[in-house]
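Okay, so here's the structure we're looking at.
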Amino acid sequence: MPISRRAFMKAGGLALVSLGADPLFLDRAAYALRSAGGAASGGKTLVCLFQRGAVDGLSMIVPAGDSWYWQERQRIALAKEQLVPLDGMFALHPRLASLKPLWDRHSLAIVHAVGSPSTSRSHFDAQDYMESGTPDVKNTPDGWANRYCTHAAEHANTPFRAVAFGPQLPRTLAGSAPSLAIDDLRTFGMRAAQASGEQKLTRAFEELYQGAATGLVASSSAETFEAIKMLKTANPTAITPGNGATYGKGKLATSLQQVAQLIKADLGVEIAFVDVGGWDTHVNQGSDQGQLATRLDELAGALAAFTTDLGERMRDVVVITMSEFGRTVKENGTSGTDHGHGTAMMIMGGNVRGGKVYGRWPGLAPEQRYEGRDLAITTDFRAVFSEVLQGHLGPASMAQVFPGFDQPAAVGMFG
Amino acid sequence: MNQLIAVLGMAVLAGAPLPAQTPMTSIDSARHVLNRLAYGATPGEIESVAHDGVLKWIDRQLGYSDPHDPALADVERNFDVLRVSMLDMQQMLQNNQARIARAQAQGDSAARQRMLDELRTDQLGNRRSLQSLIAQLPAVTTVRAVESDHQLDEVLVDFWTNHFNVFINKGQDRAYFADYLETTIRGHALGKFEDLLVATAKSPAMLFYLDNAESVADGSDQRALQRGRGRGGIGSQPAFGRRRGRFPNPRGGVYPGGVDPVAMARVRQAAQQRAPRGLNENYARELMELHTLGVDGGYTQPDVINVARILTGWGIDRRDASYTFRDAVHDKLPKVVLGEKFAAGHGEDEGMRLLKMLANNPATMHHVSAQLCARFVNDAPPDGCIDDAVRAWLKSGGEIRAVVRAIIRSPDFWAPANVQSKVKTPLEFVVSAVRAVNALTDSTPRLAQRVAQLGEPLFQHQTPDGYGERQEDWVNSGALLARMNFAVQLASGRMPGVTVDLDRVVPVTDDHAALVAAIDHAVLGGAMTGNTRQTILKELADVPDPHIARALAIGLAIGGPEFQRQ
């Protein structure tokens, strides 16, 4: 009988008695899940990387075979000889070159001309729609990843099932299934001048909340103290990068390193969420140098370090990048690009059938564009998310995760 | 019904036990109103409100004509942002944008970085820079919530700020938000809902935030647009170099002729990019979905389009940073909204009629009353208090005070199931904690930054729905830990932005039992559970220093579960 942890806690201890079930989660503080069959999800992890600000998909994954790319981007197009060719049509931005080995090993798939059917070019609305998973519906209370976690809630036997790195829970993970928001693993816990003080405060607050908290505060605080204990036992921040991987500086690299640490500590992370901003390149976007190149450098560096670090373990891990929309085909008057429509996503790891660019290419000729200016969308982002969830994490009701979305033909990245 | 109110009122006033269903003492009632209608009690305040009469306190709170507490005049003098005009802030914003444009024009060079660094240093180092002024808004809001005697007004201002949410960091809104908060919201928070609605509809902040300033009649030709612009239309810019003297060069010089050509090119470019293409439904939709009728308020997509058409022409005159109606881009055809016909050719009056119609629609009364009840009664507000509020709305013609009074008089407000039933928002938690220890605030943004760290950066909610009112919006692991750490830091006197003197809370003593009882009384208003008392006593057992023991006990009480609720 699937019953959410949160509903359990809300109902209070009596519910346990009446169900005759053991309150397993109440005293599982000291165990860490075993990767070999311990985690009910099969030990699989999905890492969602949100590129906030609308990444220029045409610079990230360059449609080098489409002459309109060169025609419309006299100042910001990349030089042909700098491109990292993928197939006859597409090439990687040179600053993404460190991801090419993944492509060659068929571990990196790309979906191009992907995005939301919403016509909004507002960052706020479009991010909201992509996170809620319901384009053009503003009053959806929860995020798509949270709805996935409410499905099969009986598997929710670790507070680390859904973790967001940041001070707030992103919309993607908001909802009734428990999720952790962790800004930095190294400072997650009580702070005091001395370690003994930290222990004393942690113990005291845990007793206070166990004894007197009710409702959501009770369940969330129970998860919090359990997470603190599991972190203390597993000590993931002591795990050093494997396979000689080196993470760069910056928030993205730190967050991805900590995701890898949680995975390697077998804490049962099923969905991890990481934000990376700075993609709103209206002015002086640059080509092989400049703003966008700097961001891509950071992105590729962190992803390359992450995949190297996890090594063989990447079989159980899929990383997907996403962004609220793409940017105009034509460069603007300030050597940048404005808000557009379709963009590109990268999917790496797990059983993804990589080494291929998925999705029908709509073409960049003016009459092929969306509203005459933007890359048209031929793949709905929900089709990609659905396939990643089912192909990697396991079957679930997509009608529940993406209500109102009629699943189209498979993109074909898995299975 | 009236009898029940009378009985309730008498009981509360006299401190006598209330009817069997609501066994609240006058102390309980005082604690409840200070939690819900104010930002929590200061030490001793519960007793004094109970002593003077809870209803008397409520009447006084409902009786203020203005959210501004005159006693705060000295404190408010520390916040320059309260005395800068919207036009001046718009000028500062444009100067900053021009500097950024000049820096960007340097390409990917060291010069560009240096110019951007200079701008950042100028902004951070100057109390009167746009960035510093903007940072004062959450700060003054937090300080007012702590210090003001007009507590219910401050609570209502917070409510309306979220109901009519504007994201302060969206483009021009950095210049418009201060006036929006001070004039539009605070100036109308206690009046008629209809007036508040019209004020928000005409505010440059809302016009920019929800894009109505960009919305023009489909088919408005470019010449009409240009004419519209000439009279302060969409893209009209204050003429640099003429309005405020010459355009200053950041390095101290002045461009020949007063105009920086690169900046002007950038501004023209931006104006072209902004050039409206047609109807924008953004405001029309949120006006009905969020501000008035509610998502199930019975409107259709054609209604949204027609509302947007009616409001074409409602825009911003950037020459004086004010609302303007531009007839040239107004849709001149007839429209129908919710079955009501709007005859062609009535210009701005169509919009005024529409706003009045929406403000007084029964769906609006129900939707807004339910939200007020969610704030004051329960996350899931009972029908009874909503009905009471709607009746008062009808009777008073939408007087906000009358509606709030009806909610407070509703039996649901006093029902035991609704007492201590709501989780505090980060703002409520931080402010009530500071009040509970009688701490003194300063005029820096540091306390407001803690509110932001707990998850509620004021005025920075990006989407138009504003910050939520339900516990699901605020309770998560990181947030709870942050609250516990905040409490410990505050009680130990290590909180930047506030000065804490625990002697103003409870006296220092070696008698732990007496200490914890005094803290229960002063900080939790007697709501401490037995478990909390025992846990704190146990933790105090190995703390010999009575000052450290007092700080630890207060930190645990504020960081503990009782204090998270109101």
Here are some residues: A:A195, A:A234, A:A213, A:A238. Which one is away from every other protein chain (no Cβ under 12 Å), small (G, A, S) and buried (at least 20 other Cβ atoms within 10 Å of the Cβ)? A:A234
Looking at this structure, is A:N157 assigned to a loop (DSSP other than H, G, I, E, B) and either at positive phi or within 7 Å of chain B (Cβ to nearest Cβ) (or both)? no
All-but-one check, B:A199 against (1) under 22 Å from B:V403 (Cα atoms); (2) assigned to a helix (DSSP H, G or I); (3) of a type in the set (A, V, I, L, M, F, W, C); (4) in contact (Cβ under 8 Å) with a residue 24 or more places away in the chain, failing number (4)
Can you find, within region B:510-532, the residue that is nearest to the other protein chains (Cβ to nearest Cβ) among those that are within 37 Å of the chain's Cα centre (by Cα), surrounded by fewer than 20 Cβ atoms within 10 Å (Cβ to Cβ) and in a helix (DSSP H, G or I)? B:N531
Can you name the residue in region A:127-155 that is acidic (D, E) and under 16 Å from A:F273 (Cβ atoms) and is also modelled with the highest pLDDT among such residues? A:E131
Total residues in region A:246-278, condition within 14 Å of chain B (Cβ to nearest Cβ), surrounded by 20 or more Cβ atoms within 10 Å (Cβ to Cβ) and closer than 30 Å to A:K330 by Cβ: 0
Considering only region B:431-442, state which residues are crowded, with 17+ Cβ neighbours inside 10 Å and either at negative phi or under 16 Å from the mean Cα position of the chain (by Cα) (or both). B:V431, B:S432, B:A433, B:V434, B:R435, B:A436, B:V437, B:A439, B:T441
Those helices (runs of 4 or more DSSP H) completely within region B:300-417 that have 2 or more residues that are aromatic (F, W, Y) and closer than 30 Å to B:V155 by Cα are B:411-414
Within 14 Å of chain B (Cβ to nearest Cβ) and surrounded by fewer than 21 Cβ atoms within 10 Å (Cβ to Cβ): is that true of A:N332 in this structure? yes
Of all residues in region B:542-566 being away from every other protein chain (no Cβ under 11 Å) and within 17 Å of B:D510 (Cβ to Cβ), which is surrounded by the fewest Cβ atoms within 10 Å (Cβ to Cβ)? B:P544
Looking only at region A:279-300, count how many residues are in a loop (DSSP other than H, G, I, E, B) and within 14 Å of chain B (Cβ to nearest Cβ). 11
Pairs only if they're at least six apart or on different chains, beta carbon under 6 angstrom, first in region A:37-60 and assigned to a helix (DSSP H, G or I) and of a type in the set (S, T, Y), second buried (at least 24 other Cβ atoms within 10 Å of the Cβ) and at pLDDT 90 or above; list them, first residue then second. A:S59/A:H93; A:S59/A:L292
Among the residues of region B:92-103, are any small (G, A, S) and in a loop (DSSP other than H, G, I, E, B)? no
Consider only pairs whose beta carbons are under 6 Å apart and that are at least six residues apart or on different chains; among these, list those whose first residue lies in region B:471-496 and is under 14 Å from A:V217 (Cβ atoms) and facing chain A (nearest Cβ under 7 Å) and whose second residue is among the aliphatic types (A, V, I, L, M) and in a helix (DSSP H, G or I). B:Q471/A:L216; B:V475/A:L216; B:V475/A:V217
Looking at (1) more than 30 Å from A:S120 (Cα to Cα); (2) among the acidic types (D, E); (3) out of contact with any strand residue (DSSP E or B) (no Cβ under 9 Å at 6 or more places or on another chain), which one does A:D288 not meet, given that it meets all the others? (1)
Mind listing just one residue for me: the one in region A:198-210 that is closer than 30 Å to B:A417 by Cβ and at the interface with chain B (Cβ under 9 Å from one of its Cβ atoms) and, of those, surrounded by the fewest Cβ atoms within 10 Å (Cβ to Cβ)? A:Q210
A:F124 vs. criteria at pLDDT below 95 and closer than 20 Å to B:H461 by Cβ: yes
Looking only at region B:357-409, filter to residues that are in contact (Cβ under 8 Å) with a residue 12 or more places away in the chain and of a type in the set (K, R); which one of those is surrounded by the fewest Cβ atoms within 10 Å (Cβ to Cβ)? B:R391
Identify the single condition in (1) touching a residue at least 60 places away in the same chain (Cβ under 8 Å); (2) more than 19 Å from A:G215 (Cβ to Cβ); (3) surrounded by fewer than 21 Cβ atoms within 10 Å (Cβ to Cβ); (4) within 13 Å of chain B (Cβ to nearest Cβ) that A:F188 does not satisfy, given that it satisfies every other one. (1)
So, in region B:208-222, how many residues would count as being within 18 Å of the chain's Cα centre (by Cα) and over 23 Å from B:G398 (Cβ atoms)? 2
Being under 19 Å from B:R550 (Cβ atoms) and charged (D, E, K, R) is the filter here; which residues of region B:471-510 pass it? B:R494, B:D501, B:D503, B:R504, B:D510
Is there a residue in region B:453-460 that is out of contact with any Phe, Trp or Tyr (no Cβ under 9 Å at 6 or more places or on another chain), within 11 Å of chain A (Cβ to nearest Cβ), within 25 Å of A:L173 (Cα to Cα) and not in a helix (DSSP H, G or I)? yes
Given (1) surrounded by 23 or more Cβ atoms within 10 Å (Cβ to Cβ); (2) within 15 Å of the chain's Cα centre (by Cα); (3) aliphatic (A, V, I, L, M); (4) in a helix (DSSP H, G or I), identify the lone condition not met by B:A175. (2)
Over 18 Å from the mean Cα position of the chain (by Cα), among the basic types (K, R), closer than 21 Å to A:Q285 by Cα and surrounded by 15 or more Cβ atoms within 10 Å (Cβ to Cβ): does that describe A:R95? yes
Members of region B:301-315 found to be free of Cβ contacts under 8 Å to residues at least 60 places away in the same chain and under 27 Å from the mean Cα position of the chain (by Cα), listed by number: B:V304, B:V307
May I ask you to verify whether A:F385 is crowded, with 21+ Cβ neighbours inside 10 Å, away from every other protein chain (no Cβ under 14 Å) and touching a strand residue (DSSP E or B) at 6+ places or on another chain (Cβ under 9 Å)? yes
What is the one condition in (1) crowded, with 16+ Cβ neighbours inside 10 Å; (2) touching a Ser or Thr at 6+ places or on another chain (Cβ under 8 Å); (3) more than 9 Å from every other protein chain (Cβ to nearest Cβ) that A:N243 does not satisfy? (1)
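The values are calculated or read from the model by the stated rules, or taken from the named source; none is laboratory data. Remember, it's a predicted structure, so these values are computed and weren't measured experimentally. So basically every Cβ, Gly included, is an ideal-geometry build from the backbone, and we count neighbours across all protein chains shown.
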